[in-house]
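Data first, discussion second: the structure below is written as structure tokens.
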Amino acid sequence: MNMAFARLRRLLASATGISLDADKLYLAESRLVPIMRANGVVDLAELVRQIEKREDEKLLQAVIDAMTTNETFFFRDRTPFEQFRRDILPELMAKRQDKRRISIWCAACSTGQEPYSLAMLLDEESSKLKEWTVDILATDLSETALDAARRGIYSQFEVQRGLSTSRLLRHFEQHGDNWQVSERLRSRILFRHLNLLSNIGKIGPFDIVFCRNVLLYFDPAIKRDVLSRLSKVIAGDGYLILGAAETAGDANQHFIAASSDFSWRLQRRQPSLQLVAAGA
Amino acid sequence: MKQVLVVDDSAVIRKVARRILEGLNFHTLEAEDGKKALVACEKAMPDVILLDWNMPEMNGFEFLCELRKMPHGAEPKVVFCTTENEVGYISRAMGAGADEYIMKPFDQQIVRSKFEEIGFL
């Protein structure tokens with residue numbers, strides 16, 4: 001294998017946990033060429049050398065931004081959002097009558113479509129949520145994606161993928177060819193930069209964590225580690241919602257499946273193991 | 001197999017739409033303006049109408065208003081598919097009884113997404 005590419009894979013794995021397949025050299029080169037050009041770097045070997053020397057932290061962040069997949073759209077996979085509105089939200093509201101507060105964390109929010117989809121649902125349920133506080137924390141590894149998420153401006157193509165026209169009219173304002181999420185929804189979400197490999201114990205606890213289409217990029221050991229960390233910031237009766245192609249798999253000492261639907265995985269922490277996890 | 005009537009004065013757009021819809025397992029019929037589309041609907045009401053706005057003879061908005069007055073004219077789902085992309089047009093169409101709105105240019109993903117919204121996928 002190309003030596004520079006092998007070093008790049010190690011760098012990415014240690015900085016982000018992302019396990020880049022050994023046959024993805026073409027992908028790395030195609031995504032990193034613009035960064036190399038912008039920084040006057042002649043080839044991949046030189047780029048990796050500069051990152052390893054830590055001469056410029058921004059260079060590593062730019063590489064992370066370029067190599068992290070930000071493919072997403074509004075109400076992606078539909079079912080988790082329907083499940084959230086139909087089952088999870090009413091259940092949590094019944095259990096949180098005393099505090100009247102629900103905390104949601106979108107742990108890999110990318111360019112914002114997921115937290116905004118949730119904010120739309122909550123807005124549409126507002127008559128039931130009077131005198132309730134619903135916090136949405138949205139985090140991502142990529143600063144570039146987060147900047148886009150904060151702006152909440154989407155192209156005509158993006159607002160037509162997963163979003164109904166009635167929601168477009170209700171929740172967006174048109175600016176030329178683009179559409180911006182209304183200020184009312186943008187102000188509901190707190191966007192923060194966060195690496196899932198860092199210490200996440202300072203945030204939470206959350207009633208629901210959306211961590212969809214993230215674990216599939218991690219190798220098994222890192223996936224177990226991330227799931228273990230997540231288990232410590234989710235309330236004992238809370239939910240973790242994963243992507244359609246993901247399971248908690250061999251980390252099931254922390255989570256069990258809460259549904260058998262094939263298109264998504266909703267996993268719920270075992271209350272009996274809550275103390276074990278908390279004390280670990 | 002569900003039937004989609006594609007109403008557009010551009011033969012190229014009708015061809016592109018037909019290919020996408022047939023790929024999604026719909027049977028397609030075509031009309032090149034609102035008047036011809038009304039005749040087609042009188043013969044047999046389709047399940048969905050993919051509707052351009054600007055056309056000769058009768059435009060898409062006029063067609064929609066006439067369709068909704070017809071016997072069984074409330075039944076087909078109407079998805080506008082047009083270059084009229086300003087919010088005023090979209091609101092007007094939805095207010096007149098359109099079910100969804102596609103802003104051109106479009107691709108297979110957008111058509112799929114909108115047909116999911118109207119419950120046909």
Requested in this report: Can you give me the number of residues within segment B:102-121 that are touching a helix residue (DSSP H, G or I) at 6+ places or on another chain (Cβ under 9 Å) and closer than 19 Å to B:E32 by Cα?
Outcome: 4
**Report entry** In segment A:186-197, residue nearest to the other protein chains (Cβ to nearest Cβ) [restricted to those that are in contact with a strand residue (DSSP E or B) (Cβ under 8 Å, 6 or more places away or on another chain) and hydrophobic (A, V, I, L, M, F, W, C)]
**Finding:** A:I189
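Kindly indicate whether any position in segment B:55-75 is touching a Ser or Thr at 6+ places or on another chain (Cβ under 7 Å) and either within 14 Å of chain A (Cβ to nearest Cβ) or not in a helix (DSSP H, G or I) (or both). Step through it out loud before you land on a result.
First pass over segment B:55-75, keeping only residues touching a Ser or Thr at 6+ places or on another chain (Cβ under 7 Å): B:60.
Still in the list and also either within 14 Å of chain A (Cβ to nearest Cβ) or not in a helix (DSSP H, G or I) (or both): none.
No.
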Report summary line: Selection over segment A:6-35 where residues are over 22 Å from the mean Cα position of the chain (by Cα) and surrounded by fewer than 18 Cβ atoms within 10 Å (Cβ to Cβ) yields a count of 12
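Would you mind stating whether A:V48 is surrounded by fewer than 19 Cβ atoms within 10 Å (Cβ to Cβ) and among the aliphatic types (A, V, I, L, M)? Walk me through how you get there before you give the answer.
On the way: surrounded by fewer than 19 Cβ atoms within 10 Å (Cβ to Cβ): no; among the aliphatic types (A, V, I, L, M): yes.
In short, no.
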Report task. Tell me, yes or no, whether segment A:65-72 has at least one residue that is on the phi < 0 side of the Ramachandran plot, surrounded by 17 or more Cβ atoms within 10 Å (Cβ to Cβ) and at pLDDT 90 or above. Result -> no
**Report entry** Which listed residue, of A:I222, A:I153, A:I200, A:I234, is crowded, with 22+ Cβ neighbours inside 10 Å, away from chain B (no Cβ under 14 Å) and either out of contact with any Ser or Thr (no Cβ under 8 Å at 6 or more places or on another chain) or closer than 29 Å to A:A15 by Cβ (or both)
**Finding:** A:I234
Report task. Could you list all residues from segment B:91-121 that are without any contact (Cβ under 8 Å) to a residue 12 or more places away in the chain and part of a helix (DSSP H, G or I)? Result -> B:S91, B:M94, B:G95, B:Q109, B:I110, B:S113, B:E116
Report task. Determine whether segment A:79-96 contains at least one residue that is in contact with a strand residue (DSSP E or B) (Cβ under 8 Å, 6 or more places away or on another chain), of a type in the set (S, T, Y) and at pLDDT below 90. Result -> no
Query raised in the report: With (1) over 14 Å from the mean Cα position of the chain (by Cα); (2) under 16 Å from A:I189 (Cα atoms); (3) in a loop (DSSP other than H, G, I, E, B); (4) of a type outside the set (S, T, N, Q) as the list, and A:K130 as the residue in question, which single condition is left unmet?
Result: (2)
Report summary line: Across (1) surrounded by 14 or more Cβ atoms within 10 Å (Cβ to Cβ); (2) in contact with a helix residue (DSSP H, G or I) (Cβ under 9 Å, 6 or more places away or on another chain), A:D87 clears everything bar (2)
Query raised in the report: Could you count how many residues in segment B:95-120 are among the hydrophobic types (A, V, I, L, M, F, W, C) and either away from chain A (no Cβ under 11 Å) or within 16 Å of A:Q174 (Cα to Cα) (or both)?
Result: 5
**Report entry** Boolean, A:L141 is buried (at least 16 other Cβ atoms within 10 Å of the Cβ) and within 14 Å of another protein chain (Cβ to nearest Cβ)
**Finding:** no
**Report entry** Filtered residues of segment B:69-112 (kept if surrounded by fewer than 13 Cβ atoms within 10 Å (Cβ to Cβ), hydrophobic (A, V, I, L, M, F, W, C) and over 14 Å from the mean Cα position of the chain (by Cα))
**Finding:** none
Query raised in the report: For segment A:159-185, how many residues meet the condition of being more than 10 Å from chain B (Cβ to nearest Cβ), surrounded by 15 or more Cβ atoms within 10 Å (Cβ to Cβ), in contact (Cβ under 8 Å) with a residue 60 or more places away in the chain and of a type outside the set (V, I, T)?
Result: 1
Requested in this report: Hey, can you tell me all the residues within segment A:125-138 that are surrounded by 14 or more Cβ atoms within 10 Å (Cβ to Cβ) and either touching a Phe, Trp or Tyr at 6+ places or on another chain (Cβ under 7 Å) or under 18 Å from A:R86 (Cα atoms) (or both)?
Outcome: A:E125, A:L129, A:W132, A:V134, A:L137, A:A138
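Is one or more of the residues making up segment A:85-103 within 14 Å of another protein chain (Cβ to nearest Cβ), out of contact with any Pro (no Cβ under 8 Å at 6 or more places or on another chain) and among the small types (G, A, S)? Even if it seems obvious, please write down each step before you answer.
Going through segment A:85-103, the residues within 14 Å of another protein chain (Cβ to nearest Cβ) turn out to be none.
No: zero hits.
The values are calculated or read from the model by the stated rules, or taken from the named source; none is laboratory data. These numbers were taken from a predicted model, which means no experiment stands behind them. Note that we place each Cβ from the backbone using ideal geometry, even for glycine, and neighbour counts take in every protein chain shown.
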